[in-house]
Amino acid sequence: MTRWYGLVLLCLLLAGCVSTGNSDLANDQTMAQIKVGETTKQQVAAFLGEPASQRTIEMGGWTREWWSYNHAASVINPLDYIFLYGFFFNGIGLYDTRYDVGVFFDHQGIVSSLSRLKTDYDMGRPFSSKRVASVANKTMGFPEASKAPVRYEDKAEYQY
């Protein structure tokens, strides 16, 4: 009986969440503060911090920038690994949810385009199917101030 309690205690200690990157990407309220045609580089840096990577391009005498951010998180269920099927079906190091964000700036340092991709991975259990679902949002601005930004959303789901 003491072994059983020890096993339960071990499971509780090992349970948890693992994440990497910028967790603000998962917050819809934070992301809603970034507006195409209005938000500056300084404001984006205040909302999201330093980007994971930056690119700069020179076009027509103007400099444009692209910043990318990412965040991935996984909830670990130790029972999956105690019964060993977690190693074979869930894998090690696979995330449950991943966010990828790209922020494009015009030559004045104003957000000209914002893209956000959220992907959910469910690697299944021994007797259930695997599923990958993603939602991509992109908002693009136009150089003419009279045109409102255009927003696209694309959803996809795959089951194996």
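All of the numbers you see were taken from the coordinates with simple rules; none came from a lab. Model, not experiment: these values are computed from the prediction. Because the Cβ atoms are built from the backbone with ideal geometry, glycine has one as well, and the counts that use them run over all protein chains shown.
Quick notes
- Remark: spin-label model distance Ala156-Asn27 equals 3.0 nm, labels positioned 7 Å along the Cα→Cβ axis.
- Cβ-based net charge around Ala136, under 14 Å, with every Lys or Arg adding one and every Asp or Glu removing one: +1
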